[in-house]
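The values are calculated or read from the model by the stated rules, or taken from the named source; none is laboratory data. Please read all numbers here as calculations on a predicted model, not as lab measurements. Every residue, glycine among them, receives a Cβ derived from its backbone with ideal geometry; neighbour counts consider all protein chains shown.
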Amino acid sequence: MADLTDIAVDAAIERGKILRETEPRAAAVRYDRQTGRLIVDLTNGCTFAFPPRIAQGLEMATDDELSQVEILGTGLGLHWEALDVDFSVPGLLAGIFGTRTYMARRAGQATSPSKAAAARANGAKGGRPRKAVDQR
């Protein structure tokens, strides 16, 4: 029985080593007030930047609050103590800036000048045309 436990522990340690070498982790993080972006330097030498106001819980944060970001543990997370907000680094890199509900709501907010013009034109015509019903 102990042999199986030792094998499982050794396998878990090896998986952890592989993840530490391959999974993206934060080496440094800072908020740049000039660009309004959070900049994350990764352990693999890459840099990732994003506007924090697109992230759930950071939408209304002040520049001072945004600059109080900390790296969690081995670099897998970012944390804002005063805001009680946490994000995983792999999640941010995958474009996940909040819960599924939050992300779905943000997806519907996409606007453009052409979309706004089309909406105004359709509204002036009485709205979206009704679908034709097949009378066979």
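Each residue in region 31-71 was checked for being part of a loop (DSSP other than H, G, I, E, B) and surrounded by fewer than 16 Cβ atoms within 10 Å (Cβ to Cβ), and 13 pass.
Within region 18-30, the residues that satisfy the criterion of being under 20 Å from Val85 (Cβ atoms), in contact with a strand residue (DSSP E or B) (Cβ under 6 Å, 6 or more places away or on another chain) and surrounded by 13 or more Cβ atoms within 10 Å (Cβ to Cβ) are Pro24, Ala26, Val29, Arg30. One residue stands out in region 73-106 among those that are surrounded by fewer than 16 Cβ atoms within 10 Å (Cβ to Cβ) and in contact with an Asp or Glu (Cβ under 8 Å, 6 or more places away or on another chain): the one that is modelled with the lowest pLDDT, namely Pro90.
On the basis of being touching a Pro at 6+ places or on another chain (Cβ under 8 Å) and either in contact (Cβ under 8 Å) with a residue 60 or more places away in the chain or over 30 Å from Leu58 (Cβ atoms) (or both), does Glu23 make the cut? Spelling it out, Glu23 is indeed touching a Pro at 6+ places or on another chain (Cβ under 8 Å) and either in contact (Cβ under 8 Å) with a residue 60 or more places away in the chain or over 30 Å from Leu58 (Cβ atoms) (or both).
Can you find a residue that is small (Gly, Ala, Ser) and over 27 Å from Thr99 (Cβ atoms) anywhere in region 45-57? For region 45-57, residues small (Gly, Ala, Ser) and over 27 Å from Thr99 (Cβ atoms): present.
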